[in-house]
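Notes follow once the structure below has been shown.
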Amino acid sequence: MADTRHHAATTEPVEGDGVSYKGIVWFVVLLAGTTIVCQLLMVVLLKAFQYQSDSNPVATAPLAQQVTEREAPTGRVYPEMHSIGLPNGPRPRLLVREPANLAEMRTHEHDVLSSYDWVDKAAGVIRMPIEKAKEKLLEQGLPVRGTAPAATKDLKAVKDVKK
């Protein structure tokens, strides 16, 4: 038969939640202590490096000097150069003046996008300014699926005239 008696306050220990709070506190204390010791060691190490560099000045390597201090073998100062190394030498070449290289690239892109030029003279392919190409596209419209584009018809007519 089942025990139906209600238990009054007993002196038996109550089961805990299984968490060791003492262990958590010790872990946090050790973690904080280790962090503080590591920070102090880093401060001491950086002070030692600073003292060593102040007391023993070493000549900097040629590539670590300021750009205005280096001179090329021909007597020219490097900021006039766009890259170091022969054009057909081993890759990658070092870029010395990024702003000048970027300006040169943007100038080239602008020239390509705003001028007429031959892409393939033998095939009769030309490059036109992008604004003109946009206008021409708006005039002719995009080709619809299932129909031949207008440009192909024009190319066939040009090839027939050449023959």
FRET efficiency (H110, S53; Cβ distance; R0 41 Å; to 0.05) is 0.30
Rounded to the nearest 0.05, FRET efficiency between E131 and A103 (Cβ-Cβ, R0 22 Å) equals 0.50
In order over region 109-119: 3J(HN,Hα) from phi, Karplus 6.51/-1.76/1.60, θ = phi - 60°, whole Hz, x for each Gly or Pro, gives 4, 4, 4, 5, 7, 10, 9, 8, 6, 7, 8
Label model pair E139, W118: point-to-point distance (7 angstrom along the Cα→beta-carbon line) in nm is 2.4 nm
Sequence order, region 132-145: Karplus ³J(HN,Hα) from phi using 6.51 cos²θ - 1.76 cosθ + 1.60, θ = phi - 60°, Hz rounded, Gly and Pro as x, gives 5, 5, 5, 4, 5, 5, 5, 5, 7, x, 7, x, 9, 4
Amide H neighbours of R127 at under 5 Å, excluding residues fewer than 5 places away on the same chain, with H built from the backbone geometry, are D117, W118, V119
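Read-outs throughout are calculated quantities, based only on the coordinates presented, and are distinct from any laboratory measurement. Computed from a prediction, not measured in an experiment: that's the story for all the values here. All Cβ positions, even for glycine, are placed from backbone atoms using ideal geometry, and neighbour counts span all protein chains on display.
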